[in-house]
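First the structure, in the form of structure tokens, and then the observations on it.
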Amino acid sequence: MEKGPFSVEWLAQSSRGAAQPAARRPRSPPGGAGSQESPADLGDPGHDAEAGGGAVPGRPRTKFSAAQLQELERSFREQRYIGLNEKRRLAAALNLSQSQIKTWFQNRRMKFKRQTQDAR
């Protein structure tokens, strides 16, 4: 039986990578097969070096200053859901992006929800 592109043998080989053209095969890391580098060392976005890493690659975690946190918490006490105008105002006042403000409020609401559930 000929190993054509639709034969069972061809499909089995292609799933193991044997039938892939050289240009499509994954390249081995520099240093050969015996390299001691881990996937995190190679910059593989699927493997973060930190435990519990779910961050977007290339975007460092935002470290809020004490003054920023104080203002964000004050605003959260007043209103748990932030409006567009307040988001703009806070972003300008705290030198943060509107996206960072929105994300902080989402995370803070989840923290509040966990705290109230734990208190019950």
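The values are calculated or read from the model by the stated rules, or taken from the named source; none is laboratory data. Computed from a prediction, not measured in an experiment: that's the story for all the values here. Note: accessible area is taken over every heavy atom of the protein model, side chains too, but ligands, DNA and RNA are not part of it. Shrake-Rupley method; radii C 1.70, N 1.55, O 1.52, S 1.80 Å.
Structural remarks
- Protein heavy-atom accessible surface, 1.4 Å probe, per residue over region 65-119: 70 Å².
- Length released on extending from E86 to T62, taking residue separation times 0.36 nm less the Cα-Cα span: 6.6 nm
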